[in-house]
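Novice: Attaching a single structure in structure tokens format; questions to follow.
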Amino acid sequence: MSQTDFANFGTKTPGDRTVMHVLYGLHTLAWPSLGTLAVIALIVNYVKRADEDDPLYLAHHGYMIATFWWSLLWMVLTSPLYLLFIFPGVAAHAVVGLWYLYRCIRGWLRFNDGRLPR
């Protein structure tokens with residue numbers, strides 16, 4: 001199976017790469033900040049994605065955006081579990097949080113290798 005080296009596709013500066021690393025870092029540190037850093041990163045993802053033409057960077061912006069919105073959806077959908085008892089809600093939110101963290105770390109490692117997030 002042949003892999004395309006997307007890292008060499010466009011003319012990206014080291015600053016562009018640094019911005020992506022910072023965005024992945026902000027998304028990864030969303031839990032300690034109660035989601036504030038994730039919202040900031042999401043806004044920057046949308047702004048940077050609008051000006052992007054490199055397929056690798058577009059894919060990673062889309063990946064981070066989708067991860068945020070899917071996580072938020074599952075957080076909202078599992079919130080009624082707190083009405084049953086505290087444990088089901090905490091367990092459901094912990095699973096969603098671990099999934100979010102997994103997606104952030106996986107995407108970050110794949111970006112660092114110059115590969116698509118999926």
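The values are calculated or read from the model by the stated rules, or taken from the named source; none is laboratory data. Since the structure is predicted, the reported quantities are computational estimates derived from the model, not experimental observations. Cβ: placed from backbone, ideal geometry, glycine included. Neighbour counts: every protein chain shown.
Novice: Collect the residues in the stretch 62-80 that are under 8 Å from the mean Cα position of the chain (by Cα) and free of Cβ contacts under 8 Å to residues at least 12 places away in the same chain, keeping them in residue-number order.
Specialist: A66
Novice: Does Y63 meet the test of being touching a Gly at 6+ places or on another chain (Cβ under 6 Å) and either modelled with pLDDT under 95 or at negative phi (or both)?
Specialist: Numbers: touching a Gly at 6+ places or on another chain (Cβ under 6 Å): yes; either modelled with pLDDT under 95 or at negative phi (or both): yes.
Yes.
Novice: Still on this structure: Given the stretch 13-118, what helices (runs of 4 or more DSSP H) lie entirely inside it while holding 3 or more residues that are of a type in the set (S, T, N, Q)?
Specialist: On the way: elements: 14-28, 36-50, 55-78, 81-84, 86-112.
Because the criterion is at least 3 residues that are of a type in the set (S, T, N, Q), the helices (runs of 4 or more DSSP H) in the stretch 13-118 that meet it are 55-78.
Novice: Of all residues in the stretch 51-77, which are buried (at least 17 other Cβ atoms within 10 Å of the Cβ) and not charged (D, E, K, R)?
Specialist: Of all residues in the stretch 51-77, those buried (at least 17 other Cβ atoms within 10 Å of the Cβ) come to 52, 56-57, 59-61, 63-64, 67-68, 71, 74.
Listed by number, the residues that qualify are L56, Y57, A59, H60, H61, Y63, M64, T67, F68, S71, W74.
Novice: Next up: What residue, among those in the stretch 10-32 that are of a type in the set (S, T, N, Q) and either modelled with pLDDT of 90 or more or touching a Phe, Trp or Tyr at 6+ places or on another chain (Cβ under 9 Å) (or both), is surrounded by the most Cβ atoms within 10 Å (Cβ to Cβ)? Step through it out loud before you land on a result.
Specialist: In the first step, residues of the stretch 10-32 are kept if they are of a type in the set (S, T, N, Q); the result is 11, 13, 18, 28.
Going one step further and asking which of them are either modelled with pLDDT of 90 or more or touching a Phe, Trp or Tyr at 6+ places or on another chain (Cβ under 9 Å) (or both), we end up with 18, 28.
On the way: T18: 10, T28: 19.
Only one residue fits best here, namely T28.
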